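Student: Before anything else, here's the structure in question.
The values are calculated or read from the model by the stated rules, or taken from the named source; none is laboratory data. From a predicted model like this one, the values you see are computed outputs, not experimental measurements. Reconstructed Cβ throughout: ideal geometry from the backbone, glycine too, with neighbour counts over all protein chains shown. The area values use the complete protein model at the heavy-atom level, side chains included, leaving out ligands, DNA and RNA. Shrake-Rupley method; radii C 1.70, N 1.55, O 1.52, S 1.80 Å.
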Amino acid sequence: MNATSPAPTSEAAPGRVVLLTTSHRVAPGLLSWPAWQALHAADRVLCADGAHPQLPYLREAGIPVEEAAPTAEEIVDACAGGRTVVVVATGEGEPVLTDGLARLAGTGRVRMPELELLPASYDLPGARLLDLVQVMDRIRAECPWSSRQTHKGLAKYGIEEAYELVEAIEEGDRDELREELGDVLLQVVFHARIAEEHPEEPFSVDDVAGGIVAKLIHRHPHVFGGETADTPEDVKAHWLRTKAEEKRRSSVTEGVPLGQPGLALAAKLGSRARTAGLDVPVPVGEGVGYELLGLAVRAEAAGVDPEAALRAAARVYRDAIRTAEGQSGD
């Protein structure tokens, strides 16, 4: 007889658990090559959610999937003998299973299988915008306030959020800037969601995004076409030329919203006239309005935003008032 000890068999091998995670923001079935390799090579593939969006595509690819939510102990037993078990994670990421495996490993009494976390799909930049669209869909359907809103009813909030964004920019507060950008983005998605319900001319947030993408590409021929632009002035010239071709306006004043703040309106009109090469003297008249008009046009020509300049001065004035209030209270 051979007195040497027998070689360890594969029955003693602890095996491997692969926790396969996917992103709901990526179309089902679009998995990475390592994920497909792990799925095809697995001895068993388990998923606790029978309605998981990936399951039809896995089965179509010839991968049998068992609907099961095994305990940590059951997973360890299933991996015995060197077998590989792939667990297709649900949206929560299987915390009960992973916590159970961690507790087993902590006892030191169980030979644990190798545990691998394998992301099968990754979010692309901008993927969280899909979450925003989904959340807005649900709010529009279920919230008593949001479900009754109209474009006109929300208009004032768009103005308020834009002003709050400008204030965050001027204050230099990064956290506030991020939050206010989100509030402005919400206005866009909210209005687009309402627009889907129009009985005759509906459009969606995808139509909104598609329109601005097409516009940006058309107005940047130096990026997406054969033209060149070496300076910011060249870029502005491209922009104005393509914009004029798109709009085919009869006057440079078309498209200037008269409802904007007065200084911004005056500066915009002055910019349009100057850019078009029109030598239009600033009207002279009685009262402070004409004085402000002249100041705003001159500021714009000098490269100064009169609205921003006045806000900066107003903040200094606000601080002076607060200082005076503090002194008067002493």
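Student: Enumerate the amide H contacts of Val87 below 5 Å, restricted to partners 5 or more residues apart or on another chain; note that Pro and chain-start residues carry no placed amide H.
Tutor: It is Val18, Leu19, Leu20, Leu46, by chain and number.
Student: Which residue, Asp207, Asp137, Asp279, tops the fluctuation ranking in a GNM of the chain built on C-alpha contacts under 10 Å?
Tutor: The residue with the greatest mean-square fluctuation here is Asp279.
Student: Something else: Hey, what number do you get for the chain at 222 nm if only DSSP H runs of n ≥ 4 count, each worth -39500 (n - 2.57), divided across all residues, to the nearest 500?
Tutor: My calculation for the chain gives -17500 deg cm²/dmol from helical runs alone.
Student: What percent of all Cα-Cα pairs in the stretch 187-324 falls into each 5 Å bin, going from 0 up to the bin containing the maximum distance?
Tutor: Distribution as computed: 2, 8, 11, 13, 14, 15, 13, 10, 8, 4, 1, 0, 0 percent.
Student: Can you give the FRET efficiency for Ala27 and Glu60, using 1/(1 + (r/R0)^6), R0 = 22 Å, r = Cβ-Cβ distance, to the nearest 0.05? Write out the running numbers ahead of the final one.
Tutor: Details: r = 14 Å, r/R0 = 0.63.
About 0.95, to the nearest 0.05.
Student: Averaging sequence separations of C-alpha pairs under 8 Å and six or more residues apart, then dividing by the length of the chain, give the relative contact order as a whole percent. Mind showing how you got there, number by number?
Tutor: Details: 313 pairs, mean separation 44.4, N = 330.
The normalised contact order for the chain reaches 13 percent.
Student: Let me ask another. Quick one: ranking Arg44, Arg174 by accessible area, 1.4 Å probe, largest first, what do you get? Spell out each step's value before the answer.
Tutor: Working: Arg44 90, Arg174 175 Å².
Reading off the accessible areas and sorting them downward yields Arg174, Arg44.
Student: Between Glu74 and Glu201, what is the label-to-label distance in nm when each label sits 7 Å out along the Cα-to-Cβ direction?
Tutor: About 5.8 nm separates the two model spin labels.
Student: Per the 1.4 Å probe, what fraction of the accessible area of the stretch 229-281, in percent, lies on carbon and sulfur atoms? Walk me through the intermediate numbers first.
Tutor: Numbers: 2030 of 3580 Å².
Answer for the stretch 229-281 is 57 percent, counting heavy atoms of protein chains only.
Student: Next question, about the same structure. Which whole-number percent gives the relative contact order of the stretch 34-98, counting Cα pairs below 8 Å spaced six or more residues apart? Show your work: numbers first, answer last.
Tutor: On the way: 67 pairs, mean separation 28.6, N = 65.
In percent, rounded to a whole number, it is 44.
Student: Between exposed chymotrypsin sites (Phe, Trp or Tyr not before Pro) in the chain, where DSSP calls loop and at most 14 other Cβ atoms lie within 10 Å, what's the longest gap?
Tutor: Between the exposed loop sites, the longest stretch runs 204-330.
Student: Please give me, ordered by residue number, the trypsin sites (Lys or Arg not before Pro) of the stretch 215-312 that lie in loop per DSSP and have at most 15 other Cβ atoms within 10 Å.
Tutor: Details: sites: Lys215, Arg219, Lys236, Arg241, Lys243, Lys247, Arg248, Arg249, Lys268, Arg272, Arg274, Arg298, Arg311; in loops: Arg219, Arg248, Arg249.
The qualifying sites are Arg248, Arg249.
Student: Measuring from a point 7 Å past the Cα of Glu167 along Cα-to-C-beta, which residues in the stretch 301-318 have an amide N at less than 20 Å?
Tutor: 306-318
Student: Tell me, what is the per residue accessible area of the chain in Å², probe radius 1.4 Å?
Tutor: Working: 21660 Å² over 330 residues.
Per-residue accessible area for the chain comes out at 66 Å².
Student: Return the sequence-ordered ³J(HN,Hα) values of the stretch 41-48 in whole Hz as given by the Karplus equation 6.51 cos²θ - 1.76 cosθ + 1.60 applied to θ = phi - 60°, using x for Gly and Pro.
Tutor: Using θ = phi - 60°, the values come out as 8, 5, 6, 9, 10, 10, 8, 6 Hz.
Student: Let me ask you something else. How far apart, in nm, are two points set 7 Å out from the Cα along the Cα-to-Cβ line at Leu124 and at Arg322?
Tutor: Between Leu124 and Arg322, the simple spin-label model gives 4.6 nm.
Student: Next question, about the same structure. Name the GluC sites (Glu not before Pro) in the stretch 90-122 that are in a loop by DSSP and that have at most 11 other C-beta atoms within 10 Å, would you?
Tutor: In loop regions of the stretch 90-122 (DSSP not H, G, I, E or B), the sparsely surrounded GluC sites (Glu not before Pro) are Glu92.
Student: Assigning unit charges at the beta carbon (Lys, Arg +1; Asp, Glu -1) and nothing else, what dipole magnitude in debye, to the nearest 20, does the stretch 221-330 show about its Cα centre?
Tutor: Result for the stretch 221-330 is approximately 280 debye, rounded to the nearest 20.
Student: Identify the GluC sites (Glu not before Pro) of the stretch 190-237 meeting these criteria: DSSP loop state and at most 15 other C-beta atoms within 10 Å of the C-beta.
Tutor: Sites meeting the loop and neighbour criteria: Glu196, Glu197, Glu200, Glu227.
Student: May I pose another question? Helix 95-107: angle to the longest alpha-carbon principal axis of the chain, degrees 0 to 90, nearest 10?
Tutor: The helix 95-107 is inclined about 50 degrees to the chain.
Student: When the chain is treated as a GNM, springs tying every alpha-carbon pair under 10 Å, which of Ser32, Ser250, Ser271 comes out with the largest mean-square fluctuation?
Tutor: Its mean-square fluctuation being the largest, the pick is Ser250.
Student: A further question follows. Need one number: the % of Cα-Cα pairs in the stretch 26-65 sitting beyond the 16 Å mark.
Tutor: More than 16 Å apart: 28 percent of the Cα pairs in the stretch 26-65.
Student: What ³J(HN,Hα) values, in whole Hz, does the Karplus curve 6.51 cos²θ - 1.76 cosθ + 1.60 give for the stretch 150-163 when θ = phi - 60°, with x put for Gly and Pro?
Tutor: 10, 4, 5, x, 8, 4, 5, 5, x, 5, 4, 5, 5, 5
Student: On to the next question. Picking from Val135, Val18, Val288, which is most flexible by a Gaussian network model of the chain using Cα springs under 10 Å?
Tutor: Looking only at Val135, Val18, Val288, the biggest GNM fluctuation is shown by Val288.
Student: In addition: Between Ala276 and Glu142, what length comes free when the chain is fully extended (0.36 nm per residue of separation minus the Cα-Cα distance, one decimal in nm)?
Tutor: Value of the extension gain: 43.2 nm.
Student: While we're here: Between rounded, prolate and oblate, where does the stretch 278-320 land on the alpha carbon gyration tensor, with a ≥ b ≥ c its root eigenvalues, rounded for a/c under 1.5, else prolate if a/b exceeds b/c? Kindly include the intermediate steps, with their values, before the conclusion.
Tutor: Values: a/c = 5.38, a/b = 1.70, b/c = 3.17.
Verdict is oblate for the stretch 278-320.
Student: So, in Å, what gap is there between the alpha-carbon centers of the stretch 147-223 and the stretch 257-296?
Tutor: 28
Student: Can you compute the modelled spin-label distance between His40 and Phe224, with each label point 7 Å from Cα toward Cβ, in nm?
Tutor: The two pseudo-label positions are separated by 3.8 nm.
Student: Please work out how much accessible surface Cys143 shows to a 1.4 Å probe, ignoring ligands, DNA and RNA, in Å² rounded to 10.
Tutor: Estimated to the nearest 10 Å², Cys143 gives 40 Å².
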